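One structure is given below, encoded as structure tokens.
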Amino acid sequence: MNKSPVLVVVLLCAFVLFTPAPAFGAPALQVGGTQVVINNPVNGMSFQTGQTIGIASTSSAAGGIAFVQLFVDNVAITTSSPANGVPTSPFFVIQYWTTTPGYHTITVKSTSSQGVTGQASVFINVGGGGGGATRTPNPCVVGARFLGDVNYPDGSQIQPGTAFQKTWQMQNTGSCIWISTYGIFNVGGGSFGASSPSSIPYTQPGQTVNISVNMVAPQQPGTYRSVWQLRASNGALFGPQVDAQFVVPQAGCNGIPQITNFYASPSTIQRGQATTLVWGAVYNSDQVKLQTPAGSSPVTAPGQAVLAPQVTTSYVLTAFCLGQRVDSVATVYVNNPQPPTPTPPPSQQNSIFLSPAQQVGFGAVNVPVQYFYNNLNAPAQIQLTAYNRFGQVVGNANVGAIPYSPQFTTITISVPSGYQNAVTVQGCIVDRTGSPLTCGQGLGIR
């Protein structure tokens, strides 16, 4: 893309009143073979003493402008050259001078690379009378920098009659705010249905914005270029020229289709998250289809789709041209979320304590039990076994699915027995596999 160098233009944002003075009635004087225009100040302006003003000028010549000189009352003030010393035409420059009292002639003299000179002059009044109202300038500087094509880079193919929006990214490098009366203006190559000027976003100095125009590709095949430039409120063009360069192919297709790109963003997700399938322009095709687990369906290119696969899935974008096809595959990798970390059992150990058994009637005793269960290998149960003095089992009882207890809890368990000589009782906390976690002994009936 051919972008012209960055230009800046001084705008006067002021209420302007004219000073009726005969010396200022004439227009700016221009002489010489090189064309010079003083954009600011205008002829007849009045300024305050000690004010630094910007003298903005535009010079043009065959072979480009080599340098520009600023004179005040035939005294050289400063000299400016294009960037890197490369002769440029037109060449816009702002040169500065701090005012002194009196009437002054400001002259800008430009010299081309071929040695041809030209100059222009304006007349100003600094701190002087005149008896009338004066022009009070309040200048700001407009400027812009081209950052890049947001879409449709140079050489993009656009089908005949297709509506599209061309977007450039630009930065406000001046001191003026781009307001609603600013726009972007078609300066060459045709606007292809876009409004000229087209509106631009409200932009503060230093801010970066996207600037778009809505175009329609011609019906006839060929290579096209549309050139645009920013325009200020006063109609002055400024900043670099930007363009839309595109190709309108023959209707239909012939040969092998071309898929520019096809990918998932992001390509790896957690189950339950979403991803976006993105595909770019597809050239030389008469049909484009997207294949998903739900089936294959036609799509337009470029395009995108938001999906949330539950498992790792591959998607296929297929371009067709008279029976020939080209496939592009994008895979979305789905990871299962990590299982929750189990709550570790408390550090307190399991314990059980049996108090002496008590007779509660023929065939039964009560055994008070205190225990602590830390939920290891749950569920667990308490098993009690009563023994006579000969070590024979005379009774037992189970309490199942005992709760996790953060503190000691007392429970009473009946142990049926046909004997009165159950002299010992053993109790254990048993986990779900039947393995004892801890055991204890207590006294039976004597």
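The values are calculated or read from the model by the stated rules, or taken from the named source; none is laboratory data. Note that the structure is a prediction, hence the values are computed from the model and not measured. Backbone-built Cβ (ideal geometry, glycine too); neighbour counts: all protein chains shown.
Exactly one condition in (1) touching a residue at least 40 places away in the same chain (Cβ under 8 Å); (2) of a type in the set (S, T, Y); (3) under 17 Å from T318 (Cα atoms) is not met by S233; state its number.
Among (1) touching a residue at least 40 places away in the same chain (Cβ under 8 Å); (2) of a type in the set (S, T, Y); (3) under 17 Å from T318 (Cα atoms), the lone unmet condition for S233 is (3).
Could you run through region 348-387 and say how many residues are assigned to a loop (DSSP other than H, G, I, E, B) and over 22 Å from V423 (Cα atoms)?
10
Across region 47-78, which residue is farthest from T105 (Cα to Cα) among those that are without any contact (Cβ under 8 Å) to a residue 24 or more places away in the chain and surrounded by 13 or more Cβ atoms within 10 Å (Cβ to Cβ)?
The extreme case among them is T78.
Have a look at T312, T318, T300 and point out the one that is farther than 20 Å from I158 by Cα and either surrounded by 15 or more Cβ atoms within 10 Å (Cβ to Cβ) or not assigned by TED's automatic domain parsing to the domain that holds A163 (or both).
Residue meeting the stated conditions: T312.
Hey, among T100, T79, which residue is in the same structural domain as G44 (by TED's automatic domain parsing), in a loop (DSSP other than H, G, I, E, B) and either more than 19 Å from G33 (Cβ to Cβ) or in contact with a Lys or Arg (Cβ under 6 Å, 6 or more places away or on another chain) (or both)?
Checking each option against the conditions leaves just T100.
Within region 261-299, how many residues turn out to be assigned to a loop (DSSP other than H, G, I, E, B), under 31 Å from the mean Cα position of the chain (by Cα) and under 20 Å from L322 (Cβ atoms)?
Number of matching residues: 2.
If I filter region 50-66 down to residues being among the polar types (S, T, N, Q) and in a strand (DSSP E or B), which single residue comes out as nearest to Q114 (Cα to Cα)?
S60
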